[in-house]
Amino acid sequence: MIFIATLVLLIPVVLGLAAFSRRWVLEPFPTDWTLENFRLILLESPGLIKNSFKFSLIALLFGIGFGLPAAYLIVRTRMPGRDALDFVITLMLAFPGIAVGVSYLLGFWKTTPIPLADSWIIMALALFARRLPYFLRMAHASYLQLDISLEEASEVSGAGKIRTFFNISLPLLLKGVLVGVVMFFIMAFQEISTAVFLYQGGWETLPIGIYLDWHRGMEFGIAAAKAFLMIVITFILLLIISRISGGVLKAAWGPGGT
Amino acid sequence: MAFIEIRNLFKRFKKVVAVNHIELEVNEGEMLTLLGPSGCGKTTTLRCIAGLEKPEEGDIVIDGKPMLSQGFVEPSKRGIGMVFQNYAVWPHMKVYKNIIYGLKLQRIPKQEMHEKAQQVLELVGLDGLEERYPVQLSGGQQQRVALARALVGNPKVLLLDEPLSNLDAKLREELRFEIKSLVRRMGITSVYVTHDQAEAMVISDRIAVMDSGNVVQIGTPLEIYDKPANRFVADFIGTMNFMAGEVVQVLQDTEAVYVRTEFSEKMLCKTPSITATTPGEEVYASIRPEDVEVFAEPPQGKENLFKGTIAHKAYLGNFLYFFVSVNGTMIRVQVPHHLPQEEGQELYLFLNPEKCMILL
Ligand SMILES: Nc1ncnc2c1ncn2[C@@H]1O[C@H](COP(=O)(O)OP(=O)(O)OP(=O)(O)O)[C@@H](O)[C@H]1O
Ligand SMILES: [Mg+2]
């Protein structure tokens, strides 16, 4: 217990100490407290935060637009080719982020037929592609909990497949999907291994910023402050998830529901 | 022409053949039951009618319209009401919304919709519960919601898949009669799936008995009980004594058959058999326990009279049930009155030839 708690809690404690102090390297505890690090981030590189949100949100939109329908087709229909689609998406799990980053960089290079690497959209696209299997797993898990006869009852009642999806499946899956969507956003928000290969000046995200600060050396306080900021943002999102799984649950299942 | 015609229907799941080229007709206004043991293909057949499964071969014609041969008709376009085994009421909608769901899709005016909903709510005895969520209802009430939802749109066909199997025995018996009179009053052509033979006997106009993807017999409950097509049907519906034997003689004019069994040289079976038999054939001479008569002393001039010893005896309240050993063959007997004989004592069994049948 204590061991695990240490592993988890050490992170925010150390980062917090570093983020709110100046030049804490040699002493056991920092001596010089300051908000300077945060001031620097917000004043000098607000673009990092903006980029992080922008790319992750667009990745999320891709996910909702393509990932969820693909997952639906695979899990709930007998569309020809769905096994192949399933295989291709799942294959994504086999590729480390570095592989995705490097191959997109080369494959979408300026001189190729699709020079996407030249546009910032590649950042969002890569984040989306990297976590694509996640949508499949999420949809799968949600659908496993949804009794198929609820959808069939709707079809027999006169609703087509699409109406059934919106009237029955979606409201009942909403909780699972929303939780998954927020989780996806968190993962995209924290992604670095793919992004670090693809970014160009002006496209830096928070994780890339941290990496660069560290790389340049002696910017540990600022790096820690950025990491701390990420943790706070993520934590807020996690709070939202717990609210969803408590609150929306009731809305979806009625008072006194499971 | 029948209201629902199932022609040469064939459906398989990978290697498992669930429905094996069956033919079935359901007449207008009739309640037909698909009866058979678990896994025999009842649900699959029903789902094919609803359009929830796509069979590989065959056609289903509902009210003159082919559902398969001229392009697959989607479930939503078939005009069907269906009650699922697990109710399948939508947990995120109140009872009222559950019931008007189908009407709303048809864009029926609000006033009319409300009237129809009230009517059907009253019919199934749910008035007053409109504003409840399904989780606030008992199993029996949820089942009524499912029934109301299936009936509210005046469907051409009502399909019910073991609608009572999740309820306790008392409620099940009550609802059986309720569903029967309700459906009959509305005159809806319906197909009812169950593996409970007593339920099938009560609720059906006709029963189709299924065995491993085949329909083995179709008939009224009485026909199926009195003239089972084979050993499987006889065993599945009611209880039957099967006495293995060999045909020794067939009387051509009367269709009566003499059988040699383990306990007698000649046993006469007069009930005409569905399949013709020839001497030398291995068959089962069969008689229902309640058709066996017992005597303390051998009566005069009766064929098929055998002496036996009571092996077990039990009072089941309104009748007496016992096992009699006739030269080692156990015969089950059911009589509606008390008998002075105890276990170990002898008596005479009269296996009335008029009630004895030959089964394969
Ligand atoms: N979706 C499916 N995938 C694979 N096999 C199936 C599927 N549905 C049914 N089967 C198989 O088809 C056969 C017939 O199944 P079906 O559900 O029609 O039986 P049933 O008569 O309704 O049985 P029960 O009384 O247990 O409900 C069974 O062997 C079953 O295992
Ligand atoms: Mg079934």
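The values are calculated or read from the model by the stated rules, or taken from the named source; none is laboratory data. This one's a predicted model, so the numbers in the text were calculated from it and none came from an experiment. Quick reminder, even Gly has a Cβ in these numbers, built from the backbone with ideal geometry, and neighbours come from all protein chains shown. Areas reflect the complete protein model, heavy atoms only, side chains present, ligands, DNA and RNA absent. Shrake-Rupley method; radii C 1.70, N 1.55, O 1.52, S 1.80 Å.
Counting only heavy atoms of the protein chains, get the accessible area per residue of the protein assembly as shown (1.4 Å probe) and round it to a whole Å² value.
Accessible area per residue: 49 Å².
Could you work out the local net charge near B:Ala18, counting Lys and Arg as +1, Asp and Glu as -1, over the other residues with Cβ closer than 15 Å to its Cβ? Value of the local net charge: +2. Shape class for chain B: prolate, because the ratio a/c of the largest to smallest gyration tensor axis (alpha-carbon atoms, square roots of eigenvalues) is 1.5 or more and a/b beats b/c.
Sort out for me the Cα centre separation of segment B:55-94 from segment A:44-83, rounded to whole Å. Segment B:55-94 and segment A:44-83 have Cα centres separated by 34 Å.
Using DSSP loop states and a limit of at most 10 other Cβ atoms within 10 Å to flag trypsin sites (Lys or Arg not before Pro), what is the longest stretch of chain B containing no flagged site? For trypsin sites (Lys or Arg not before Pro) (loop position, at most 10 other Cβ atoms within 10 Å), the longest site-free span of chain B is B:108-360. Of B:Asn154, B:Gln345, B:Asn98, whose Cα points farthest to the positive end of the dipole of chain B (charges on the beta-carbon: +1 Lys, Arg; -1 Asp, Glu; origin at the Cα centre)? The residue sitting farthest along the positive end of the dipole is B:Asn98.
Which shape class, rounded, prolate or oblate, goes with segment A:47-257 when its Cα gyration tensor gives a ≥ b ≥ c as root eigenvalues, a/c under 1.5 marks rounded, and past that a/b bigger than b/c marks prolate? Oblate. First select every other residue whose beta carbon is under 10 angstrom from the beta carbon of B:Met31; then total the charges, Lys and Arg +1, Asp and Glu -1. Taking every other residue near B:Met31 into account, the sum is +1. With contacts taken as Cα pairs under 8 Å at a separation of at least 6 residues, segment B:1-133 carries a relative contact order of 21 percent.
Report summary: the helix-based calculation at 222 nm, which adds -39500 (n - 2.57) for every DSSP H run with n ≥ 4 and divides by the residues of the protein assembly as shown, gives -13000 deg cm²/dmol.
Around the Cα centre of segment A:98-214, unit charges on the Cβ atoms of Lys, Arg, Asp and Glu (plus for the first two, minus for the last two) sum to a dipole of about 100 debye. Chain A and chain B together bury an accessible surface of about 2100 square angstrom, both sides counted, with a 1.4 Å probe and no ligands or nucleic acids included. In segment B:268-360, carbon and sulfur make up what percent of the accessible area (probe 1.4 Å)? Carbon plus sulfur share of accessible area: 53 percent. Non-local lysine pairs in segment A:47-257, meaning eight or more places apart or on different chains, with alpha-carbon distances under 27 Å, amount to 8. In order along segment A:173-184, phi translates into HN-Hα couplings of 8, 3, 4, x, 5, 4, 4, x, 5, 5, 4, 4 Hz, rounded to whole numbers, per the Karplus curve 6.51 cos²θ - 1.76 cosθ + 1.60 with θ = phi - 60° and x for Gly and Pro.
With the Cα gyration tensor of the protein assembly as shown in hand, convert its eigenvalues to equivalent ellipsoid semi-axes via √(5λ) and list them largest first in whole Å.
72, 27, 25
About its Cα centre, the dipole of segment A:47-257 is roughly 220 debye, where the only charges are +1 on Lys and Arg Cβ and -1 on Asp and Glu Cβ. Note on chain A: GNM, Cα springs under 10 Å; of A:Val102, A:Val182, A:Val88, the largest mean-square fluctuation is that of A:Val88. How many angstrom separate the Cα center of segment A:180-243 from the Cα center of segment A:84-153? Distance between centres, Cα-based: 20 Å. Taking 4.7 Å between C-beta atoms as the pairing limit, chain B has these partnerless cysteines: B:Cys40, B:Cys48. Model label points for B:Leu339 and A:Ala99, set 7 angstrom from Cα along the Cα-to-Cβ axis, are 7.9 nm apart. Database remark: amide H of B:Val83 closer than 5 angstrom to the amide H of B:Leu159, B:Leu160, B:Asp161 (H placed geometrically; neighbours at sequence offset of 5 or more, or on other chains; Pro and chain starts carry no H). Local charge for A:Leu85 was computed over the other residues whose Cβ lies under 14 Å away, with Lys and Arg +1 and Asp and Glu -1, and equals +1. Here the contact order of chain B, divided by its residue count and restricted to Cα pairs under 8 Å and six or more residues apart, works out to 15 percent.
Across chain A, the mean sequence separation of Cα contacts (distance under 8 Å, 6 or more residues apart), normalised by length, yields a relative contact order of 29 percent. Please say if segment B:213-360 is rounded, prolate or oblate, where rounded means a/c under 1.5 for a ≥ b ≥ c the square roots of the C-alpha gyration tensor eigenvalues, and otherwise the choice is prolate for a/b larger than b/c and oblate otherwise? Cα axes put segment B:213-360 in the oblate bin. Positive end of the dipole of the protein assembly as shown (Cβ unit charges, origin at the Cα centre): among B:Gly187, A:Leu15, A:Val179, the Cα lying farthest that way belongs to A:Leu15.
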